[in-house]
Amino acid sequence: MAPRLVSVTSTANRDLILSAADVLNPHAVGDRVFGNVASELIASSGTRYQGVCIDTGSGTGFCAEHSAIAAMVTAGEYRIEKIVAVWRDEENRLYVLPPCGRCREFIRQVDPTNIDTVVVLDLDRSAALRDLLPAHDLPLPLNLG
């Protein structure tokens, strides 16, 4: 099932996108880059939290969304109203990145109501996490008769 995209005004997402872009701070270590993806979220309190990705060769790194969520949880909050992740290419063009599957599941597990988190997909498009993470409910036990 295709996600139900919510059309929003460009200004509704623009501020969050640009604010997230402010913390982009790429730093290369060998063939790895830290801080080249940034995320910003708005918690249910209205407080904003930011984070950047850490790419490591050993698989212990994490996405920018994880970093922003960790900052939120550190502050004692768990409910995410809206979230975005951004990246700049080598020509300095800015992109919105949809959360990977691991991030989608991570958002959901932090608080059950986060299934309704608004995920920014572009200046004028957003979707509820539930539409990006179908079949998110635990299955019912099998009745094998």
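The values are calculated or read from the model by the stated rules, or taken from the named source; none is laboratory data. Only a predicted model underlies this, so the values are computations on that prediction, with no experimental measurement involved. Quick reminder, even Gly has a Cβ in these numbers, built from the backbone with ideal geometry, and neighbours come from all protein chains shown. Ligands, DNA and RNA are excluded from the accessible area calculation, which covers all protein heavy atoms including side chains. Shrake-Rupley method; radii C 1.70, N 1.55, O 1.52, S 1.80 Å.
Rounded to the nearest 20 debye, what is the charge dipole size of the chain about its Cα centre when +1 sits on each Lys and Arg Cβ and -1 on each Asp and Glu Cβ?
Computed about the Cα centre, the dipole is about 200 debye.
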Q) Using alpha-carbon positions, what is the distance between the centroids of segment 93-119 and segment 128-145, in Å? A) 17 Å
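Roughly speaking, what % of Cα-Cα pairs in the chain are separated by over 26 Å, rounded to a whole number?
Within the chain, distances greater than 26 Å cover 25 percent of Cα pairs.
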Q: Determine the dipole magnitude for segment 32-83: charges of +1 sit on the beta-carbon of Lys and Arg, -1 on that of Asp and Glu, nothing else is charged, the reference point is the Cα centre, and the result goes in debye to the nearest 20.
A: 20 debye
Q | the chain, accessible surface, carbon-and-sulfur percent (1.4 angstrom probe) | A | 56 percent
Q) In whole Å, what is the distance between the alpha-carbon centres of segment 21-44 and segment 55-79? A) 11 Å
Q) Remind me, relative contact order of the chain in percent, using alpha carbon pairs under 8 angstrom and six or more residues apart? A) 24 percent
Q. Using the heavy atoms of the protein chains alone and a 1.4 angstrom probe, what is the accessible area of the chain per residue in square angstrom?
A. 58 Å²
